[in-house]
Amino acid sequence: MKETALTQLHKELGAKMVPFAGYTMPVQYSGLTQEHLAVRNAAGLFDVSHMGEFFVKGPEAEALVQYVTSNDVTKLTVGKVQYSYLPNETGGIVDDLLVYKLNNDEFLLVVNASNLEKDFNWIKSHNRFDATLTDRSDQMSLLALQGPKAIAILAELTNVDLDDIPYYNFKLGEVAGIKNVIISNTGYTGAGGFELYIANEDAETLWNALMDAGEDFGMLPAGLGARDTLRLEKGFCLYGNDIDDTTSPLEAGLGWVTKLQTDFVGRDVIANLKEQGIRRRLVGFTMLDRGIPRQGYPILNAEGETIGIVTSGTQSPSVNKAIGMGYVDVAYKSVDTEIFIQVRKKQLKAIVVKTPFL
């Protein structure tokens, strides 16, 4: 198993470490619910250094990124970030990712750890452009400071005007004496905050500085367990659960980042599906009967017929309800539609709701 630059520090903090995407990662420290609510109400600090960072540079860097991603990269200006995905030739999703425009001829692609090698080889296989692709994942660390108090905490450590970094924008600046930190406002928790990209050798300095600055604000170190419940409350997809190589982005509700006026891998397949119409749709639901929906549980109609499958589910600490997402036949996708989740031998009642859940 790989380790991040902060693995030893997490162990000293008493974190429960688990294998995740080839890394030993902290799943929780003080407890999932406590960490989750700290992020919603104050702040939490995540080590997400397992994420992958690819740099695309050269005269045709934009052309390469445009061809392998679904969104319209030409709309980006320097300092802006775009959510997108890597489409495959059969209309599925290789991975979802963030695209940062660093300069006119340089982009940063942030990909999921579990797909790092797959993504790199995929992009490389389509690189017929005058652009170089470099994987710097093993040299970089990534800390996510999330929550409503994040801006006040980070302001203690930097002179960068954080109010001047809107959602899906970034700046380069000095933080805790560390120069050229990428300070990004994208977030995967829906609680506000920043992502900080640094070299591995600066990770411990930044972590300790943030922990010290956050102490008076009620900030807690937070693990991947809370990160998952936080993202699910906001209806954000998790690759491997809610989207994968066989999932159509139109079924997953990612039509908004599918720009069919551009030329990208598998574009025609997606365009044809849009014309024909999808047969299933990713929806959010809350449980009416008591029980926790889990990935892989069948979704049924009132007659007991299987109409879909649960992709993500949890007990939400914020709304104090069991919530989930899953694919259902399109006839059952409307809000307020009654469905049933098969939990072992029981059929538990649930209702389709609009996401996010809060």
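Throughout, read-outs are computed from the coordinates displayed, never taken from laboratory work. Here the structure is a predicted model, which means the values were calculated and not measured. Don't worry about glycine lacking a Cβ; one is built from the backbone with ideal geometry, like all the others, and counts go over all protein chains shown.
Some observations on this one:
- Calculated SAXS-style log₁₀ I(q)/I(0) at q = 0.17, 0.25 Å⁻¹ - segment 279-353, Debye, Cα scatterers: -0.50, -1.14
- Summarising the label geometry, the points placed 7 Å from Cα in the beta-carbon direction at Asp268 and Asp245 lie 2.2 nm from one another.
- Grouping the Cα pair distances of the chain into 20 Å bins from zero gives a pair-distance distribution of 29, 58, 13, 0 percent in increasing distance order.
- Extension gain for the segment Glu338 to Ile309, taken as residue separation times 0.36 nm less the Cα-Cα distance, is 9.0 nm to one decimal.
- From helices alone, the chain scores -5500 deg cm²/dmol at 222 nm; the rule is -39500 (n - 2.57) for each run of n ≥ 4 DSSP H residues, then divide by the residue total.
- Extension gain, Glu275 to Asp130, is 48.8 nm, computed as 0.36 nm per intervening residue step minus the present C-alpha separation.
- Euclidean distance of C-alpha centroids, segment 257-287 and segment 183-250, integer Å: 27
- Residue with peak Gaussian network fluctuation, the chain [Cα springs, cutoff 10 Å], from Asn241, Asn103, Asn185: Asn103
- The stretch between Glu201 and Lys346 holds 47.0 nm of extra length on full extension. This uses 0.36 nm per residue minus the Cα-Cα distance.
- Using θ = phi - 60° and Karplus 6.51 cos²θ - 1.76 cosθ + 1.60, couplings along segment 46-57 (whole Hz; Gly, Pro as x): 10, 9, 10, 5, 6, 4, x, 10, 10, 10, 10, 9
- Kyte-Doolittle mean at least -0.5, axial Cα span of 15 Å or more - DSSP H helices of the chain: 203-214
- Estimated FRET transfer efficiency when R0 is 51 angstrom, pair Glu60-Thr286 (beta carbons, to 0.05): 0.60
- Among 94-100, 326-332, the order from most to least packed when residues are scored by Cβ within 10 Å on average: 94-100, 326-332
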